[in-house]
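Rule-based calculations on the coordinates, nothing more; no lab input. For clarity, every value in this text was computed on a predicted model and none was experimentally measured. Note that each Cβ is placed from the backbone with ideal geometry, even for glycine, and that neighbours are counted across all protein chains shown.
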């Protein structure tokens, strides 16, 4: 799947770096890309292949679109049923719980029912009634999930709650990729999880950082900011998908 240019929010200048090897891989309904600076291209390629295999493994474990994934089993579980989780799914849920607390409920992986009510049967944007929104909102909140920190399992406490790791899963996978690249001693690298999220593993020698541009998704010629990314990550989101960013506290679309 080729990422459409209009979907890009974060642009990188790595294509102009002659000694950065570029690798790409389709996963998690997007394209993961790696820019790696290393003298041995074959070794860099092997490291990239191992990194992409890790992304595929995480997708199998955490995607709600795969019936045998941990998240799908959690969504299909009876109220009070214990669902054993893989270590990565458990860690991702734990982090999601922390972010829910830190953001006062703005970040919420239980937003599945609320998000779904904005889509029709063909998954196209529709306008739900106030009653539909209220009913979906009743099924939103981390209070509906019990996470067992000792036994690495979870229980759904309310019927109809749907969990979705779409807001954290790609970034979580990017972190795992960065850990793997460090294990391979490929620290001078950059990870793109789609065109909207970028993680810096390490900066190539002689550079102040990986060159970045933040663009206006509605006016591609307008650049909001230019900077060099030397550590951490940056992420943005456009409006092309419509009502895909929802503030569960207000039950309405969040600003972008």
Discussion item. Considering only C-alpha atoms, what is the centroid distance from segment 101-154 to segment 205-220, in Å?
Written reply: 33
Worksheet item: How would you order 159-166, 171-178 from highest to lowest mean count of nearby Cβ atoms within 10 Å?
Response: 171-178, 159-166
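Over the Cα atoms of the chain, compute the convex hull volume and normalise it per residue, giving Å³. Could you put the intermediate results ahead of the total?
Details: hull volume 35.5 nm³, N = 256.
Looking at the chain, the number lands at 139 Å³ per residue.
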Worksheet, complete the sentence: Taking a crude spin-label model, label points 7 Å out from Cα along the C-beta direction, the residue 223 to residue 235 distance in nm is 2.5
Practice prompt. Using only alpha carbon pairs under 8 Å that are at least six residues apart, calculate the relative contact order of segment 48-195 and give it in whole percent.
Written response: 29
Worksheet item: Going by the alpha-carbon gyration tensor, a ≥ b ≥ c the square roots of its eigenvalues, is segment 135-176 rounded (a/c under 1.5) or, if a/c is not under 1.5, prolate (a/b greater than b/c) versus oblate?
Response: oblate
Discussion item. Over the Cα atoms of segment 71-164, what radius of gyration and what Dmax do you get, in Å?
Written reply: 13.8, 42
Worksheet item: By the gyration tensor of its Cα atoms, with a ≥ b ≥ c the square roots of the eigenvalues, what is the shape of segment 137-203: rounded for a/c under 1.5, prolate for a/b over b/c, or oblate?
Response: oblate
Practice prompt. Please give the contour-minus-distance gain from residue 185 to residue 78: 0.36 nm per residue of separation, less the Cα-Cα distance, rounded to one decimal in nm.
Written response: 34.0 nm
Worksheet item: What is the distance, in nm, between label points placed 7 Å from the Cα along the Cα-to-Cβ direction at residue 41 and at residue 249?
Response: 5.1
Item to complete: Can you tell me the relative contact order of segment 115-193? Whole percent, Cα pairs under 8 Å, sequence separation 6 or more.
Response: 16
